[in-house]
Every structure is written in structure tokens, then in C-alpha cells.
1. Given the options I35, I25, name the one that is at pLDDT 95 or above, touching a Phe, Trp or Tyr at 6+ places or on another chain (Cβ under 7 Å) and under 30 Å from I210 (Cβ atoms).
2. Considering only residues of the stretch 193-217 that are touching a residue at least 60 places away in the same chain (Cβ under 8 Å) and outside any helix (DSSP H, G or I), which is farthest from I22 (Cα to Cα)?
3. Inside the stretch 153-171, can you point out the residues that are of a type outside the set (V, I, T) and more than 25 Å from V95 (Cα to Cα)?
4. Could you tell me how many of the residues in the stretch 135-161 are more than 16 Å from the chain's Cα centre (by Cα) and more than 14 Å from Q209 (Cα to Cα)?
Amino acid sequence: MTKNIKIKFSNVYLNLVSAYTIAGIQHLEHYVNEIEQKFEADLQKIEYPDISEIKLFEDEVIEDYFPDEFKVIENVFKYRFRYSIITSLYTLLEVSINQLCDHLKKYEKLPISYRELRGDGIQRAKNYLCKMCAITEPFNRKEWADIQTLNLLRNCIVHADGNIEQTKSPDKLKNRIKVTNHISGNSELHIDKEYLLFIINSSIEFLEQIYSEAKKL
């Protein structure tokens, strides 16, 4: 197999894998919009009390007087759904980048696998691509910083069920939350729909960048 044919085959493979992965992430975006619309439709069906007749006492908020159905949708269904999107998106990204590392090891005949490096998750794959493949540009862009924030959120959800104080580095997460739109929380992690749509699109841009760099090898 000549070098040119080998490169062509490699790029065909990268095109297929990147298209498949990005399509999967785009499906997540459609899913988010569909389920969030259902939440809003369900909230519209609830019979709410007359707010003008409610007198709030200290430490009370108007939502305290809303029906239980409202509280379940807002405080259970939305939370769990949005947490699940964060973990699903991160998994798609991690699997995709790890597969890219495996592919490049094979076709570039690299001496070691990413699995032999220290670290874990996306950070280990990042180290491999930078050190072994000289793919660095995507990791200098804003999208990579967005992915790192996603990683912190995912870890908070998976390891602490959204409890910020129980994470490995609560101060680091709180500082990241302060500078990121549409996520909040002092003790419990709160994620807005808008953040989901933002990080989905940022993830797609990141993958497009990294696969584009891989095709140049």
C-alpha cells in the first residue's frame, strides 16, 4: 500500500467516524429541544394559585405555594434530564477522541497507545494527541476550555450527584461556574437548557477542529 493510498483510506475513515459522532451529538440537540418543550407544555397545564392573594413570609418564595406537579417537573425531571445530557455528551466526546487516538496509533505506526500515558478521560487523550501526533491547535481554542468545564460538570454529576461541596475540587468548580453562562449553584449544581445547547454546539466545533487536524498528518 503506497503512502498516498494509505493516507486516503485513513481520511475516508476519519470522515465517516467524525460524521457519525457529530450526527449523534446533533441528535442530542434535537432531543433536548423536544423534551424541554414537553416540560414547558406540562407546566402550562398546571393550575396555579392566585399570586396576588399570597403573602410571603421570611425565607419563602412564591414557588413554595405552587402545586407538587410544578415542583416535580422543576426540581426532579428537569434536573435529572439535564444531568443525563451532560454525562451522555461527555461520553460521546471521550469515546470519539479515544477512537481517534487508536486510529492514529495504527496508521501513523506510533510506538505507544494513549492508554500507556498517565491520567484519564479526555485529558489523557489530549496529552497523547499533543505529544505523539503534534495536534495542538484545537487545544488552544475556546472550545477546549468549554470541554474542560463540561468535564468538571460531568464529574460533579457522576461522583457527587450534583453536590458541588462533595466534589474533589469544589472551589475550582465554583470559580468555573461563576464565569460560565447558564450554569449556577453554590451547593447544588443547576444547569439551564441554554447551557446544554451551547455546550453541544461547542463540542461539535471542537470535534470538527480535531478531525481536521488529524487529516493533515
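The values are calculated or read from the model by the stated rules, or taken from the named source; none is laboratory data. Worth saying up front: this structure is predicted, and the values here are computed from it rather than measured. All Cβ positions, even for glycine, are placed from backbone atoms using ideal geometry, and neighbour counts span all protein chains on display.
1. Just a single option satisfies the conditions, and that option is I35.
2. Out of the qualifying residues, it is L217.
3. Across the stretch 153-171, the qualifying residues are N163, E165, Q166, P170, D171.
4. Qualifying residue count for the region: 1.
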